[in-house]
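Heads up: the structure comes next, in structure tokens.
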Amino acid sequence: EPEVTQTPSHQVTQMGQEVILRCVPISNHLYFYWYRQILGQKVEFLVSFYNNEISEKSEIFDDQFSVERPDGSNFTLKIRSTKLEDSAMYFCASSGETKFKLFFGSGTQLSVL
Amino acid sequence: GQSLEQPSEVTAVEGAIVQINCTYQTSGFYGLSWYQQHDGGAPTFLSYNALDGLEETGRFSSFLSRSDSYGYLLLQELQMKDSASYFCAVRREGSSNTGKLIFGQGTTLQVKP
């Protein structure tokens with residue numbers, strides 16, 4: 001079965017550093033998302049991306065965050081200057097025409113020290 | 001704003017039936033999804049209800065009452081592997097073209113032998 005892949009699985013960084021989280025969505029999907037989950041808490045929406053542009057973003061997704069689809073397969077989340085509170089599991093997801101059915105990747109655990 | 005309420009923990013025995021409730025408050029409700037998440041894993045889609053009534057998928061069923069802003073996930077013939085967290089998630093009209101989901105806090109289901 002096709003799956004969403006994310007790299008790296010773990011990322012440790014110093015506060016103030018830039019990080020890029022990478023995702024390869026399912027190949028024929030059109031809608032791409034980033035969510036995050038702080039340990040023990042609910043999954044929170046960050047941003048959705050369609051047709052090479054952001055279609056919706058949350059209040060968490062401030063100017064420090066950006067997304068890009070640099071080629072036909074990758075989808076990245078960049079955090080320009082990480083803060084301690086950015087420590088979380090970041091999930092990439094994608095969906096096809098059945099927009100309500102999201103396929104999530106295994107996540108990148110980001111630790112900001 | 002929007003909010004979703006679900007019990008934090010539920011315990012049941014193998015072979016039993018368990019119901020996980022979800023009540024929501026949101027403007028522009030469009031549909032209710034259920035996702036399963038094992039410890040350290042990615043959320044996995046279980047079901048989606050846009051209309052009132054029961055949707056059945058194998059051992060899992062999901063119900064929605066739009067007038068009561070209420071839904072539930074029913075798990076039958078419980079197995080040990082069903083021990084996981086279960087999240088309800090709302091899709092709103094304004095996000096009908098983006099697939100954005102708002103997740104509840106999750107219900108941890110523990111299945112005992």
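Structure summary
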quantity: Restricting the stretch A:40-60 to residues that are over 25 Å from A:SER27 (Cα atoms) and not acidic (Asp, Glu), the residue that is modelled with the lowest pLDDT; calculated: A:GLY40
quantity: Single unsatisfied condition, B:GLY40 versus (1) assigned to a loop (DSSP other than H, G, I, E, B); (2) at pLDDT 95 or above; (3) under 24 Å from A:PHE103 (Cα atoms); calculated: (2)
quantity: In the stretch A:1-50, residue surrounded by the most Cβ atoms within 10 Å (Cβ to Cβ) [restricted to those that are of a type in the set (Asp, Glu) and over 13 Å from A:SER73 (Cα atoms)]; calculated: A:GLU44
quantity: Set B:LEU64, B:LEU73, B:LEU78: member being in contact with a Ser or Thr (Cβ under 7 Å, 6 or more places away or on another chain) and either at pLDDT 95 or above or in a loop (DSSP other than H, G, I, E, B) (or both); calculated: B:LEU73
quantity: Matching residues in the stretch B:29-45 - criterion: being within 14 Å of the chain's Cα centre (by Cα), of a type outside the set (Phe, Trp, Tyr) and crowded, with 19+ Cβ neighbours inside 10 Å; calculated: B:GLY31, B:LEU32, B:SER33, B:GLN36, B:GLN37, B:PRO43
quantity: Check on A:LEU84, surrounded by fewer than 16 Cβ atoms within 10 Å (Cβ to Cβ) and at pLDDT 95 or above; calculated: yes
quantity: Residue match in the stretch B:18-35 (condition: outside any strand (DSSP E or B) and farther than 22 Å from A:GLN37 by Cβ); calculated: yes
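Yes/no matrix, rows are residues, columns are (1) surrounded by fewer than 20 Cβ atoms within 10 Å (Cβ to Cβ); (2) within 14 Å of chain A (Cβ to nearest Cβ):
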residue	(1), (2)
B:ASN21	yes, no
B:SER85	no, yes
B:ARG92	yes, yes
B:LYS100	no, yes
B:LEU109	no, no
B:LYS112	yes, no
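The values are calculated or read from the model by the stated rules, or taken from the named source; none is laboratory data. Because the structure is predicted, anything quoted here is derived from the model rather than measured. No Cβ is skipped: glycine too gets one built from the backbone with ideal geometry, and neighbour counts run over all protein chains shown.
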